[in-house]
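So that we are looking at the same thing, I have put the structure below in structure tokens.
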Amino acid sequence: MSVKRLNFQGLRNLAPVEMCPSSRINVIYGMNGSGKTSLLEGIHILGMGRSFRTRQLKHAIQAEAPYMTLYGRLAGDPEVAIGVRRLRAQRELELRLRGEKGVRLAELVEAMPLQLINPDAFRLLEGSPAGRREFLDWGVFHVKHHFLEAWKRTRRAVKHRNALLRRGRIVPSEIAVWEHELALWGEQMDMLRQAWFSEFLPVFDATLNKLIPLPGLTLRYARGWDKQRSLADVLHDSRETDQQMGFTQQGPQRADLRIRLNKQPAVEVLSRGQQKLVVSALKLAQGRLLESIAQRHCVYLIDDLPAELDEQHRLKFCNLLEEMQCQTFITSVEPTALRGIWKPSTDIGMFHVKHTELGLSQLLPDG
């Protein structure tokens with residue numbers, strides 16, 4: 001589902017934004033600090049309810065502004081209106097979807113599937129397992145309808161079991177209740193993750209091969225506990241050591257994706273450019289799988305695509321984006337870095353972010 005219209009007010013250093021993007025490729029260029037990344041951030045908040053630049057959304061509100069309002073219209077029959085409002089003095093987000101208030105964040109995320117490729121995306125390789133679990137669960141959420149319920153119940157069970165572990169003295173009958181809940185929903189969560197991963201892996205391999213062949217690179221799903229034992233048995237037998245640590249050491253909340261090259265952690269042997277292509281293949285494969293299963297397209301936000309990539313790999317990357325028929329928002333300091341790279345038939349929108357004398361930015365179509 002592509003974005004047909006964007007209206008932003010009160011977002012960082014951007015002047016009020018009114019934009020009718022291309023349904024395919026949108027190149028946003030301008031000098032450093034002009035607001036290119038802020039525009040991507042606004043789309044990300046609109047579709048995810050959170051920023052990729054700050055944990056506190058109040059910091060994304062323009063200085064001296066009392067609130068920010070982000071609004072979009074998504075292609076469809078009928079079109080879908082989507083909106084986010086955040087008051088500086090109010091922690092909760094106001095969400096709207098199809099004209100209705102009080103919608104759940106999960107509904108917002110489902111309405112506009114987003115994938116972000118930016119410098120922080122390297123954390124998929126070099127960061128903690130939490131980032132890879134988020135990537136994994138995004139994919140499962142969008143194609144496995146019962147996953148959200150299993151995820152919520154598993155998270156709740158882990159929280160309660162951890163609270164009992166930290167109490168000091170374990171009452172077997174109390175902790176057994178939450179271990180049963182965790183084992184029941186955790187096993188279901190793992191089954192859905194495994195099913196998704198078996199579908200995702202060949203798509204990832206094919207996507208990576210289009211960008212950069214890397215013989216010996218492997219991607220493996222680790223569920224978070226001994227694969228030879230049931231989760232119920234693991235939880236029961238680990239009570240004492242878990243109590244000493246103060247938290248549940250094994251379970252679906254410890255799942256990970258292991259990315260290796262010739263049996264070594266990929267992050268330790270790949271160049272920075274190779275890492276960017278591997279991370280990009282992971283993100284692009286998410287969209288390709290979503291399209292094949294649910295006939296839905298991702299919206300891609302790519303911050304500074306030319307960085308870390310030589311001309312040859314830039315061309316391969318852009319050719320793949322064209323092949324996928326998805327909507328993409330790409331930032332670049334120099335528009336020439338991406339000119340002459342697209343096919344004549346591709347619908348390209350060029351937008352120039354200019355820094356004004358007042359310290360604001362105005363988004364103008366590049367004629």
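The values are calculated or read from the model by the stated rules, or taken from the named source; none is laboratory data. For clarity, every value in this text was computed on a predicted model and none was experimentally measured. Heads up, the Cβs are rebuilt from the backbone with ideal geometry, glycines too, and the neighbour counts pull from every protein chain shown. Protein only, heavy atoms only, side chains kept; ligands, DNA and RNA dropped before computing areas. Shrake-Rupley method; radii C 1.70, N 1.55, O 1.52, S 1.80 Å.
Kindly provide the helix-only [θ] at 222 nm of the chain, computed as the sum of -39,500 (n - 2.57) over DSSP H runs of four or more divided by all residues, to the nearest 500 deg cm²/dmol?
Working: 11 runs with 153 residues, N = 367.
One gets -13500 deg cm²/dmol as the mean residue ellipticity at 222 nm.
Here is a follow-up. Using θ = phi - 60° and the Karplus relation 6.51 cos²θ - 1.76 cosθ + 1.60, list the HN-Hα couplings for the range 263-280 in order, rounded to whole Hz, with x at every Gly or Pro.
6, 10, x, 4, 5, 8, 10, 8, 5, 5, x, 5, 4, 4, 6, 5, 4, 5
For Leu114, what residues show an amide H to amide H distance below 5 Å, using hydrogens built from the backbone and excluding near sequence neighbours?
It is Val299, by chain and number.
Going toward the positive end of the dipole of the range 234-367, with +1 on Lys and Arg Cβ and -1 on Asp and Glu Cβ, which of Val279, Ile330, Leu289 do you reach last?
So the residue we want is Leu289.
Between Ile330, Ile170, Ile45, which gets the highest mean-square fluctuation from a Gaussian network model of the chain, Cα cutoff 10 Å?
So, out of Ile330, Ile170, Ile45, the one fluctuating most is Ile170.
Pop out the ³J(HN,Hα) list for the range 18-23 in order, Karplus 6.51 cos²θ - 1.76 cosθ + 1.60 with θ = phi - 60°, rounded to Hz; leave Gly and Pro as x.
Here the 3J(HN,Hα) series is 10, 9, 10, x, 5, 6 Hz.
Defining a contact as two alpha carbons under 8 Å apart and six or more residues distant in sequence, what relative contact order in percent does the range 1-53 show?
Values: 48 pairs, mean separation 14.5, N = 53.
It comes to 27 percent, rounded to a whole number.
Taking θ = phi - 60°, what integer Hz values does the Karplus form 6.51 cos²θ - 1.76 cosθ + 1.60 yield along the range 194-207, in sequence order, with x for Gly and Pro?
Along the range 194-207, the couplings run 5, 4, 5, 5, 5, 7, 6, 4, x, 5, 4, 4, 5, 5 Hz.
Based on C-alpha coordinates, I'd like the Rg and Dmax of the chain, in Å.
22.1, 71
Another question, then. Given bins 5 angstrom wide, list per bin the percent of all Cα-Cα distances in the range 149-267, short to long.
Histogramming the range 149-267 at 5 Å steps yields 2, 11, 19, 19, 14, 11, 10, 7, 5, 2, 1, 0 percent.
Kindly report the accessible area of the chain per residue (heavy atoms of protein chains, probe 1.4 Å, no ligands, DNA or RNA), in Å².
Spelled out: the 1.4 Å probe surface of the chain, per residue, equals 49 Å².
How far apart, in nm, are two points set 7 Å out from the Cα along the Cα-to-Cβ line at Arg258 and at Glu322?
Distance between label points: 4.0 nm.
So between Val269 and Glu100, what do we pick up on full extension, going 0.36 nm a residue minus the alpha carbon distance?
55.9 nm
Here's another thing I want to ask about it. So which of Lys144/Lys227; Lys144/Lys283; Lys101/Lys276; Lys152/Lys210; Lys36/Lys152 end up more than 27 Å apart, counting from Cα to Cα? Each step should come with its number before you reach the end.
Numbers: Lys144/Lys227 22 Å; Lys144/Lys283 18 Å; Lys101/Lys276 39 Å; Lys152/Lys210 36 Å; Lys36/Lys152 35 Å.
The pairs that break the limit, which is 27 Å between Cα atoms, are Lys101/Lys276; Lys152/Lys210; Lys36/Lys152.
Just the number, please: carbon plus sulfur as a percent of the accessible area of the range 1-67, 1.4 Å probe, no ligands or DNA/RNA counted.
Carbon-and-sulfur percentage of accessible area, whole number: 47.
Sticking with this one: Which angle from 0 to 90°, rounded to the nearest 10, does the C-alpha axis of helix 147-165 make with the longest principal axis of the chain?
50 degrees
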